[in-house]
Each structure stands twice: as C-alpha cells, then as structure tokens.
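Readers should treat all values here as calculations from the given coordinates under stated rules, not as data from a laboratory. Everything numeric in this text was worked out from a predicted model, so none of it was measured. No Cβ is skipped: glycine too gets one built from the backbone with ideal geometry, and neighbour counts run over all protein chains shown.
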Amino acid sequence: MSIAAFLLRVTPNQIHRRIIYAAAGLTCAAGLTLVFIVMFQCKPVSAFWNRKGPRSCLPIDAIVTSVYCYSAFAILTDFTFTFLPMYLIWKLQMDMKTKIVLVPIMGMAFMASLAVIIRLPYVQDFKKEDFLHSTTNFGVWSAVEQSLAITAGSLATLRPLLRKVTGHFKTLKASLWNSADAAPNHSMDSGTAQLTAHRQDEYKLQSRNP
C-alpha cells in the first residue's frame, strides 16, 4: 500500500492511476479476507490454541485453499507494483544516471514478488501436526517479502533527504578546501612580512655604520 500511495503522487496518467487503485483495492480485499478466515476459523476463537473442550474449526484444506488464493492475488499485485514503476521511470524525462540509481529499488520490489512464489510449496506444511515447526519456512519467506516491499517503498521517498544530505556534505567539503587553501597563503604572507621587516632593519644598521 505504501508503494501504491507513492505511485499515486507521481503518476498523472488516469489509466495508470486506475491500475494502481485496482491493485491496491485487490490487495486490501484479499488481505482482509484471509485475516478474517484465519482469525475466525475456530469457534470459539480460543479453540485455535486451546485444544481442550468442545470446538468447531474449518477444515485445514479450506485454510490452505484460502492461502493459495491470497498468494495468487499477492503475486498479481506485487508484479503490478514492480513493473508499472519500471515503465513509469523509463518514460520520465530524467538522465540515465538517475534511472540507474533507481534500479536497485525496483530490484528489491521484484525480489519481494519472487518471495511469494518461493513460499507457495510450503503452504502444504499447514497440514502437518507440529504447526509452528512445520510453517517456519513459510513464515521466513513471508517476512522476506514484507521486509523487501517495505524497504523498497521507503527508499523511493528518500530522494529529498539524500539531496539535502549530499548538498550539506558538498558545502562542508568546499569550506574545508577553502580553509586548507587559505592557511598556506596566510603563512606565506606572514613569512614575507617578517623577511621584509628584517631587511629593513639591516638597511638601517648599515646606514648608521658606514
């Protein structure tokens, strides 16, 4: 959603904005649906972790199917938020150097999309008895996906800060160079003044003692 909000700020084209709105809405709908299915899969809710007493839970196959459906929507929207910025950046009127700097950010978004595909085979681990141990790989790749997506979305907004920091360092570097250049000149001026005064004293002594 952070990437969608950022793209909406820099995209004036109505077709592109509609694509972003559709992908963002699809992401929210799929995510909220999966959250409610997982949260209320058992009745009462506490029966998910408290296996004692009477309970009624959804079949594990229903949970697996819902995770597969969510993953399909996630892959679609993630690749949308990966390739659409690439297209927009390529069409922008900016120098090639700036475009190359943005390549790592787009690469991180692409890797986040691949993480969703990599974790698909681990969905079947939900059916195993030791739930926490069996779903470790699924949890790891889910964390990788979210971390890369958040990082890519955050780096895209840091350009004003980096520009300000770079300008500050350039100003500091220029002041240091000016100070370094001024120091030898000051020393040379002092030495020249001392030498001139010494010669004037010698001339006065020679005039007094012919």
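At a temperature of 20 °C and a viscosity of 1.002 mPa s, determine how fast segment 10-122 diffuses translationally according to Stokes-Einstein, using the Kirkwood radius over alpha-carbon pairs as Rh; express D in µm²/s, rounded to the nearest whole number. Please report the intermediate quantities before stating the final value.
Details: Rh = 16.8 Å.
It comes out at roughly 128 µm²/s.
Using 0.36 nm per residue, how much length does the chain from L26 to C57 gain when fully extended, once their Cα-Cα distance is taken away? Mind showing how you got there, number by number?
Working: separation 31, 0.36 × 31 = 11.16 nm, distance 2.69 nm.
Length difference between fully extended and current span is 8.5 nm.
Please work out how much length the chain gains when fully extended from R18 to I150, using 0.36 nm per residue of separation minus the C-alpha to C-alpha distance, in nm with one decimal. Intermediate values should be presented prior to the final figure.
Details: separation 132, 0.36 × 132 = 47.52 nm, distance 2.23 nm.
Contour length minus the Cα-Cα distance gives 45.3 nm.
How far apart, in nanometres, would the label points at T135 and W49 be if each is projected 7 angstrom from Cα along the Cα-to-Cβ direction?
Each label point is offset 7 Å from its Cα along the Cβ direction, giving 1.2 nm.
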